[in-house]
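Just below is one structure, and these are the notes that go with it.
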Amino acid sequence: MPFKLFMLTSFVVCLRGRAGRVTVHPIEDSGREESEATFQVPSPGAPGNVTCMALSAHFLIAGTAAGMLLYYHCQDKALLNEYKHTGGAIVKVFPQPYGTR
């Protein structure tokens with residue numbers, strides 16, 4: 001699948017494809033099978049509409065066309081927080097280096 005944007009940290013590489021999905025893949029061998037270690041944002045079955053993304057040391061922050069701001073912990077593959085922006089699509093995100101704001 002061709003991708004439009006990629007970002008990496010010392011832990012993960014994130015690829016945003018043309019369909020609006022982000023694939024998160026660990027760089028280091030975590031001892032898990034590759035299919036278990038890699039995950040997609042949004043999850044399979046959900047509409048793929050990620051318009052922008054940013055990475056901090058441990059978090060993936062994604063903005064969607066539906067106005068959602070999603071925070072994921074990359075190592076745990078966990079959605080930590082969702083925020084609904086009622087003003088329309090989120091087209092850029094600029095987190096601080098630790099990703100907490």
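Take 17-28, 50-61, 79-90 and order them by the average number of nearby Cβ atoms within 10 Å per residue, most first; the result is 50-61, 17-28, 79-90. Where in the range 50-94 does the label zone of Glu28 land, with the point 7 angstrom along Cα→C-beta and an amide N cut-off under 11 Å? Of the residues in the range 50-94, none has backbone N under 11 Å from the label point off Glu28. One quarter of the surface of the convex hull around the alpha-carbon atoms of the range 3-84 equals 5.0 nm², the direction-averaged projected area.
Read the figures in this text as sums done on the coordinates, not as results from a lab. All of these numbers come straight from a predicted model, not from anything done at the bench. Glycine gets a Cβ as well: all are built from the backbone with ideal geometry, and neighbour counts include every protein chain shown.
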